[in-house]
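The values are calculated or read from the model by the stated rules, or taken from the named source; none is laboratory data. Treat the numbers as computed from the prediction; the structure is a model and nothing was measured. Backbone-built Cβ (ideal geometry, glycine too); neighbour counts: all protein chains shown. SASA here: full protein model, heavy atoms, side chains in, ligands and nucleic acids out. Shrake-Rupley method; radii C 1.70, N 1.55, O 1.52, S 1.80 Å.
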Amino acid sequence: MKSIKWKEVLTSNQMFIIYIIAILSLAIGMKNSAFFDFSTVITLSRALLVTLCFAICEMVVIISGGIDVSFPAVACAALYIPVKVMTDAEIDNVFLAFLFAAVIGLVVGIVNAILISILKIPPLIATLGVSSMTSGALLTFFGTREISRIPESVSALSKVFILNYTNASGATYSLTVFILVPIILCIAVHLILRYTMLGRGIFAIGGDQNAARIAGFNVIRLQFIVYIFSGVMAGIAGMIYCILCDSANPLNLMGSEMMIIAAVVVGGTRITGGHGSVSGTILGVILIALIQNNLIMLGVPTYWQTFVVGAVIVIGTSITSLKAKAVEQNQKV
Amino acid sequence: MKILKKFDHNTLSLLGMYVVVLVAMLILNPSGYYSALNIRSMFYLFPEYGVLTFGMMLCMISGGIDLSLVGIANLSGVVAAYIMVHMGGTEAGAGAIILAIVAALLVGAVCGCFNGFLIGYVKIPPMLVTLCGLQLYTGLAMVITTGPGITGLPQGYISIANGTFAGMPYTFPIFAIVTLVVAFVLKSTTYGQKVYFLGSNAEASRYSGINNLKVIITTYLISGVLGSISGILSSSHYGSGKSNYNTSYTLLSLLIVVLGGVHPDGGKGKVIGVTLAIVLLQLISSAFSILRIDTVITDLVYGAILIIALIITNVSASRAAKAKK
Amino acid sequence: MEICLKALLYGALLKRNEGFDMAEVFLKLENIKKSFGGVKALKGVNLEVRKGEVLCLAGENGCGKSTLIKVISGAHDADSGEYILDGNKVDKLKPIDAIRAGIQVIYQDFAVFPNLTVAENIAMNNSLMTGAKVMNWKRARELAIEAMKQVGANMDPDVLVERLTVANKQMVAICRAIINDAKFLILDEPTTALTKKEVENLFQIIRRLKEKGIAIMIVNHKLDEIYEIADKLTIIRNGEYVSSGDISEYDRARFIRDLTGHDIVETTYHPEKVSQDEVLKVENLSRKGAFENVSFTINKGDVLGVTGLLGSGRSEIGDAIFGIAPAETGRIVLNGNEVKIKGIEDAVSNRIAYVPEDRLTQGLFLERSIRDNMVAASIGKYFKKGKLDHKQIADDTQMWIDKVAVVTANDLVPIRTLSGGNAQKVVIAKWLNTDPQLIVLNGPTVGVDIGSKSEIFEILHELAKEGVGVIVISDDLSELVQNCNKIIVMRNGQAVAHLDQADELVNENELYGMFSEEGGEQ
């Protein structure tokens, strides 16, 4: 009995990702010994910080049986509109910037929720439409020019570090304070999903919506919570992205939904809903970030990046799907 | 009245929208909109996304979706450009052009088969497969181009999308042929009926002796080929092959098929509705450009139309269901 | 008779160790009426269920059983009539009030969450009931183990429900109901997807619950099962209350009469002339874990019935002949030619037809027209001269509508709007249009009204006469005895009996005996 459990653990999806990450890291490290330095952790953390926020939201949405492709548009709107308005009005307030960003996310989240839970429009198409509308409205009414000077107190946040590290060759790497956001988010989402009825309800509606309704869950309410959470977090993450770049670009994040969904699915979340974990998603994000940022260290040209990521997702999803097929065919107990 | 009865609800509402747009332009800017120049430019443009939209339509009728069409289109365009550039560039002869076109169509067929295999055999949901496919094919195009576009294409190829015959752009007959072929395939071939059966109820289709895997692979294969025709048109239109042309077409094609009366759950949809929706979208976007409205607003308008169309479809469907109860 | 005695004995046994007031009525419905639009679903139904009593609600499909369940559970409000719960008259019962009052429904699909563990599934409703905000895993496991102990189930509480068998999923649903302090448990057709062993286990559990004083209502129309478990019986027909009473008051004849409104017809099928032309010969067909060494022959004129309990191999034989789950070894000889069936395409290309068990999901395209459904299996033959001949399709459809007597306004209405009997005729006609050599029908009369039933069998007899091989797979014994001249009884994957109307009088009780008992193997 015990040995079977061990086997299950060692052949689980998450372990596969860990193996791949380990092999990839080893390969990169052998080519370039600078990789095995604490500085890699810092650069990688910075690179995947915003991605991780998006990925966690996406994971929650997918677990609930939906999908959300509107978050890049939400993030763009939530970083650009506040900065633009505040710059024009010469307001300089960090709190207001984040509040504004969150409200934009909230509004879009509510629209998504209405379309999906009340009007019963397929989530992919609904959020695609909302994404287009949000991005179109942003570009039409607020402009397309990048704002390189963002309000001072907001910008100042990019220079708040919680950790400084100087490596052997004297270069200093600093870890931004914003790393706390995804850390807190991951812990909170993990606890909510696992230990609250709200979280179990999200799993329940993703598993069988009809059964959830019969059991007495308020399905519409849960869907509202999920999409609003996703919208608000996307807004906040967008603002963080803006601060880290120290500029506001209304287009930069567009198109990132692919990578995020990829990371979530590779992390073991079933696209059909009901299954998924924070730890898996973290691993998925790390794997994708590693490929995106460090493939070049292996001597692979950057223009291979998209293809390699694509191949990783195809293989990852095929394995997940074949495993699900196997579970179906396995002897029932 | 009798003629009206022949059209279904969806066709009628599309025709209504035609009237709205055409009348509005008659009031707002008739001389610009109804000029020969504008009308001709419309004929240049819609075939490019129109052809690709039929791919989306087939997949959606079969109960799936194809989000990889733009990736297939660009990969095909890139492959075609690559072949021509390596066979003489601007001086390449007719043989090279034909080879390039055949290769491009083959690329579409292979990509489509791959999608169909993953969906029908490995049983990964179509949305995920084609989303991955988009990434994969775009990535492959990027690998071939190493980033920038491949330019220096022969004039013969460029004139496919830019040339005219007696004032009529070549693209229009291409679109017309594709439309007629798709309409014929859906209405008058065994495969066409099987697509509807598959989309209505995959299980019952299997129990009726229909080879679902074959139908799925054929569907995505045709979709891939249509994608590559669209890719040939765009690479010809832009005079180069590049990995990130026309990224807005995914949304646009989805919008058109939904507007054209194809049900997102599969099993329903007609070529006439989708064709009307393709042209309607061109009328709208052309109106925007004549009225000098910033092109970025089209995203907003398209998104809004998509959602409104879906709301109307769903509300009328649930009303119909209630009425039957 | 024997079975009746068994039921009486159970009753007597129970009366001896009752620890509660048997006479106490938990729920009483009087003259319940409910209509939807103009359709009267319930036309005055009475029902009475007492604590510690198993009531069986019987009725044919579409008689209003599910509407009645919904009225009881508060999902529908009755238009008129009295609803008396524990002695108190209730007005406007909400679903949540019904749950609070201890009314628990176990639906046919169980409404469990496949992606959650057994423990969580069992404890979920309880947490929801108490309005808990926090998920307490330890308590969920304790609750689950406690519930499993109460019903006598034994499952790993940490395993995901998607990995459970149907019977165990049902167990999870029952445990979940128990943990919610159920006073009245409604089981909607609980035995349809269970094997004989599993049914016995379920009945064991039901008896346990009954001893605890829980009122139980089982929706079922299988007579042998009703005799085994029920104390009382209530029969409804077409939304009307027909009769109710002690199970001992019903013999087979009365049961059938009340259920269908007709007297039992004890005719049997004797083909006019069975020639020696062999239509189908099956030799030593085996598929591991499903059936072993099954052999039979069908001559021109024969209608072969295959029966047995769920899991005995009866459906699996049909699946093998049609290539859904092909046989591993053995020979199938069709009209003198050996055919290899490795998949559905092989079956179809050898002109084998299959009317599946689950008509709604496997047999029909509900949203599509009669015409589309009619040609779904034969669309290829209309492809002539490079295009589909739509006129021929329309003509053939009309021909079949007339031939199998489908009642409909025209051939373009969606199948969804047809009655069960008419829809089944369309499925059969769909296959007849392929000009089959052999037709296998799995449960062809489930959810089909009496009139259509006999019409369907008339069609099958006609086919047999024309030389088409006909195999009817069913657990409805009276139907088989009346309509087949050969019957195979399956048990544990073996064909345990080959019966022939010509040699011996086949009688239903004998058949029951053949598959109900374990046959001395244990």
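Can you find, within the stretch B:196-216, the residue that is farthest from the other protein chains (Cβ to nearest Cβ) among those that are open to solvent by less than 10 Å² (accessible area, probe 1.4 Å) and not in a helix (DSSP H, G or I)?
B:ILE210
Can you tell me which residues in the stretch B:282-297 are within 13 Å of chain A (Cβ to nearest Cβ) and either open to solvent by less than 50 Å² (accessible area, probe 1.4 Å) or assigned to a helix (DSSP H, G or I) (or both)?
Scanning the stretch B:282-297 gives B:SER285, B:PHE288, B:VAL296, B:ILE297.
Within the stretch B:66-96, track down each residue that is buried (at least 24 other Cβ atoms within 10 Å of the Cβ) and among the β-branched types (Val, Ile, Thr).
Taking the stretch B:66-96 and keeping what is buried (at least 24 other Cβ atoms within 10 Å of the Cβ), we get B:66-81, B:84.
Within the stretch B:66-96, B:VAL70, B:ILE72, B:VAL78, B:VAL79 qualify.
Since C:GLN398 meets every condition but one in (1) facing chain B (nearest Cβ under 8 Å); (2) open to solvent by 20 Å² or more (accessible area, probe 1.4 Å), which condition does it not meet?
Condition (1) is where C:GLN398 drops out.
Condition first: of a type outside the set (Lys, Arg), touching a helix residue (DSSP H, G or I) at 6+ places or on another chain (Cβ under 8 Å), under 30 Å from C:LEU29 (Cβ atoms) and not in a helix (DSSP H, G or I). Can you find one or more residues in the stretch C:111-125 that meet it? Explain how you work it out, then say what you get.
At the first step, the residues of the stretch C:111-125 found to be of a type outside the set (Lys, Arg) are C:111-125.
Adding the requirement that they be touching a helix residue (DSSP H, G or I) at 6+ places or on another chain (Cβ under 8 Å) leaves C:111-125.
After this cut, where a residue has to be under 30 Å from C:LEU29 (Cβ atoms) as well, the list is C:111-112, C:122, C:124-125.
In the following step, the residues that additionally are not in a helix (DSSP H, G or I) were identified as C:111-112.
Yes; the residues of the stretch C:111-125 include at least one that is of a type outside the set (Lys, Arg), touching a helix residue (DSSP H, G or I) at 6+ places or on another chain (Cβ under 8 Å), under 30 Å from C:LEU29 (Cβ atoms) and not in a helix (DSSP H, G or I).
Can you pull out the residues in the stretch A:312-327 that are within 7 Å of chain B (Cβ to nearest Cβ) and open to solvent by 40 Å² or more (accessible area, probe 1.4 Å)? It would help to see each step written out before you state the result.
Here is the first cut: in the stretch A:312-327, the ones within 7 Å of chain B (Cβ to nearest Cβ) are A:313-314, A:317-318, A:321-322, A:325.
Once the filter is applied, which keeps residues that are within 7 Å of chain B (Cβ to nearest Cβ) and open to solvent by 40 Å² or more (accessible area, probe 1.4 Å), the stretch A:312-327 yields A:LEU322, A:LYS325.
Would you mind finding the one in C:VAL172, C:VAL199 that is of a type outside the set (Ser, Thr, Tyr), modelled with pLDDT under 90, open to solvent by less than 10 Å² (accessible area, probe 1.4 Å) and part of a helix (DSSP H, G or I)? Spell out how you get there, then give the answer.
Values: C:VAL172 fails: modelled with pLDDT under 90.
Result: C:VAL199 is the single residue among C:VAL172, C:VAL199 that is of a type outside the set (Ser, Thr, Tyr), modelled with pLDDT under 90, open to solvent by less than 10 Å² (accessible area, probe 1.4 Å) and part of a helix (DSSP H, G or I).
Is it fair to say C:ARG100 is surrounded by fewer than 19 Cβ atoms within 10 Å (Cβ to Cβ) and at pLDDT 90 or above? Lay out the reasoning, then the answer.
Details: surrounded by fewer than 19 Cβ atoms within 10 Å (Cβ to Cβ): yes; at pLDDT 90 or above: no.
It is false that C:ARG100 is surrounded by fewer than 19 Cβ atoms within 10 Å (Cβ to Cβ) and at pLDDT 90 or above.
Which condition breaks for A:ILE18 when tested against (1) farther than 25 Å from B:LEU131 by Cβ; (2) surrounded by fewer than 22 Cβ atoms within 10 Å (Cβ to Cβ)?
(1)
Go through the stretch A:233-252 and report how many residues are under 17 Å from A:PHE142 (Cβ atoms) and surrounded by fewer than 23 Cβ atoms within 10 Å (Cβ to Cβ).
The total comes to 4.
Give just the number: which of (1) away from every other protein chain (no Cβ under 14 Å); (2) within 30 Å of A:ALA89 (Cβ to Cβ); (3) polar (S, T, N, Q) does A:THR140 not satisfy?
Going through (1) away from every other protein chain (no Cβ under 14 Å); (2) within 30 Å of A:ALA89 (Cβ to Cβ); (3) polar (S, T, N, Q) one by one, A:THR140 breaks only (1).
Quick check, is B:LEU300 within 10 Å of chain A (Cβ to nearest Cβ) and in contact with a helix residue (DSSP H, G or I) (Cβ under 6 Å, 6 or more places away or on another chain)?
Details: within 10 Å of chain A (Cβ to nearest Cβ): yes; in contact with a helix residue (DSSP H, G or I) (Cβ under 6 Å, 6 or more places away or on another chain): yes.
Considered against the rule, which asks whether it is within 10 Å of chain A (Cβ to nearest Cβ) and in contact with a helix residue (DSSP H, G or I) (Cβ under 6 Å, 6 or more places away or on another chain), B:LEU300 comes out as yes.
Given the residues C:ALA320, C:ALA353, which is the only one that is modelled with pLDDT of 90 or more, within 21 Å of C:ARG287 (Cα to Cα) and either in a strand (DSSP E or B) or open to solvent by 20 Å² or more (accessible area, probe 1.4 Å) (or both)?
On the way: C:ALA320 fails: either in a strand (DSSP E or B) or open to solvent by 20 Å² or more (accessible area, probe 1.4 Å) (or both).
Result: C:ALA353 is the single residue among C:ALA320, C:ALA353 that is modelled with pLDDT of 90 or more, within 21 Å of C:ARG287 (Cα to Cα) and either in a strand (DSSP E or B) or open to solvent by 20 Å² or more (accessible area, probe 1.4 Å) (or both).
In this structure, is B:ILE39 β-branched (Val, Ile, Thr) and part of a loop (DSSP other than H, G, I, E, B)?
Answer is no for this residue.
In the stretch B:167-195, how many residues are open to solvent by less than 50 Å² (accessible area, probe 1.4 Å), without any contact (Cβ under 8 Å) to a residue 12 or more places away in the chain and over 17 Å from the mean Cα position of the chain (by Cα)?
The qualifying residues number 5.
When residues of the stretch C:111-145 are filtered for being within 8 Å of chain A (Cβ to nearest Cβ) and either open to solvent by less than 30 Å² (accessible area, probe 1.4 Å) or within 27 Å of the chain's Cα centre (by Cα) (or both), how many remain?
Of the residues in the stretch C:111-145, 11 are within 8 Å of chain A (Cβ to nearest Cβ) and either open to solvent by less than 30 Å² (accessible area, probe 1.4 Å) or within 27 Å of the chain's Cα centre (by Cα) (or both).
Which one of these does B:GLY266 not meet: (1) of a type in the set (Gly, Ala, Ser); (2) part of a loop (DSSP other than H, G, I, E, B); (3) open to solvent by 30 Å² or more (accessible area, probe 1.4 Å)?
(3)
When you scan the stretch A:80-103, how many residues do you find that are more than 15 Å from A:CYS242 (Cα to Cα) and assigned to a helix (DSSP H, G or I)?
Total satisfying the criteria: 3.
Return yes or no: is C:ARG163 open to solvent by 20 Å² or more (accessible area, probe 1.4 Å), in contact with a helix residue (DSSP H, G or I) (Cβ under 8 Å, 6 or more places away or on another chain) and more than 16 Å from C:PHE110 (Cα to Cα)?
So C:ARG163 fails the test.
Residues that are closer than 30 Å to A:ALA34 by Cβ: find the helices (runs of 4 or more DSSP H) completely inside the stretch A:167-284 holding 3 or more of those. Talk me through it step by step, then tell me what you get.
Numbers: elements: A:180-195, A:197-207, A:209-215, A:219-245, A:257-266.
The qualifying helices (runs of 4 or more DSSP H) are A:180-195, A:219-245, A:257-266.
Is it the case that some residue within the stretch A:269-291 is at the interface with chain B (Cβ under 7 Å from one of its Cβ atoms) and open to solvent by 10 Å² or more (accessible area, probe 1.4 Å)?
First, pick out the residues of the stretch A:269-291 that are at the interface with chain B (Cβ under 7 Å from one of its Cβ atoms): A:271-272.
Filter once more, so that each one left must be open to solvent by 10 Å² or more (accessible area, probe 1.4 Å): A:271-272.
Checked against the condition, which is being at the interface with chain B (Cβ under 7 Å from one of its Cβ atoms) and open to solvent by 10 Å² or more (accessible area, probe 1.4 Å), the stretch A:269-291 yields at least one hit.
Run down B:ILE158, B:ILE150, B:ILE174 and say which single residue is at pLDDT below 95 and touching a strand residue (DSSP E or B) at 6+ places or on another chain (Cβ under 7 Å). Walk me through how you get there before you give the answer.
Details: B:ILE158 fails: touching a strand residue (DSSP E or B) at 6+ places or on another chain (Cβ under 7 Å); B:ILE174 fails: touching a strand residue (DSSP E or B) at 6+ places or on another chain (Cβ under 7 Å).
It is B:ILE150.
Please enumerate the residues belonging to the stretch C:469-488 that are open to solvent by 20 Å² or more (accessible area, probe 1.4 Å) and outside any strand (DSSP E or B). Outline the logic, then answer.
If we filter the stretch C:469-488 for residues that are open to solvent by 20 Å² or more (accessible area, probe 1.4 Å), which is where we start, we get C:475-476, C:478, C:482-483, C:486.
Result: C:ASP475, C:ASP476, C:SER478, C:GLN482, C:ASN483.
State yes or no: is C:GLU120 acidic (Asp, Glu) and free of Cβ contacts under 8 Å to residues at least 40 places away in the same chain?
Numbers: acidic (Asp, Glu): yes; free of Cβ contacts under 8 Å to residues at least 40 places away in the same chain: yes.
Yes, satisfied.
Restrict the check to the stretch C:444-457 and report whether at least one residue is acidic (Asp, Glu), part of a loop (DSSP other than H, G, I, E, B) and touching a residue at least 40 places away in the same chain (Cβ under 8 Å).
Looking only at the stretch C:444-457, we keep the residues that are acidic (Asp, Glu), and these are C:449, C:455.
If we keep only those that are part of a loop (DSSP other than H, G, I, E, B) as well, we get C:449.
After this cut, where a residue has to be touching a residue at least 40 places away in the same chain (Cβ under 8 Å) as well, the list is C:449.
Scanning the stretch C:444-457, I find at least one residue that is acidic (Asp, Glu), part of a loop (DSSP other than H, G, I, E, B) and touching a residue at least 40 places away in the same chain (Cβ under 8 Å), so the answer is yes.
Looking at (1) within 11 Å of chain A (Cβ to nearest Cβ); (2) surrounded by fewer than 24 Cβ atoms within 10 Å (Cβ to Cβ); (3) in a helix (DSSP H, G or I), which is the only condition B:CYS132 fails?
Just one mismatch for B:CYS132, condition (2).
Take the conditions closer than 12 Å to C:ALA58 by Cα, polar (S, T, N, Q), open to solvent by less than 70 Å² (accessible area, probe 1.4 Å) and over 22 Å from the mean Cα position of the chain (by Cα) and apply them to C:SER243. Does it pass?
Numbers: closer than 12 Å to C:ALA58 by Cα: yes; polar (S, T, N, Q): yes; open to solvent by less than 70 Å² (accessible area, probe 1.4 Å): yes; over 22 Å from the mean Cα position of the chain (by Cα): yes.
Yes; evaluated as a whole, the condition is true for this residue.
Of everything in the stretch A:204-225 that's touching a Ser or Thr at 6+ places or on another chain (Cβ under 8 Å) and under 28 Å from C:VAL105 (Cα atoms), which residue is most open to solvent (accessible area, probe 1.4 Å)?
Taking the stretch A:204-225 first, the residues touching a Ser or Thr at 6+ places or on another chain (Cβ under 8 Å) are A:205-206, A:219-220, A:222-224.
After this cut, where a residue has to be under 28 Å from C:VAL105 (Cα atoms) as well, the list is A:205-206, A:219-220, A:222-223.
Working: A:ILE205: 6, A:GLY206: 11, A:VAL219: 10, A:ILE220: 71, A:LEU222: 8, A:GLN223: 17 Å².
The extreme case among them is A:ILE220.
I'd like to verify a number: residues in the stretch B:68-113 that are assigned to a helix (DSSP H, G or I) and more than 19 Å from the chain's Cα centre (by Cα), how many? If you could, list the steps in order and put the result at the bottom.
Looking only at the stretch B:68-113, we keep the residues that are assigned to a helix (DSSP H, G or I), and these are B:69-85, B:89-91, B:94-113.
Add one more test, that the residue is more than 19 Å from the chain's Cα centre (by Cα), and what stays is B:79-85, B:89-91, B:94-100, B:102-103.
Count: 19.
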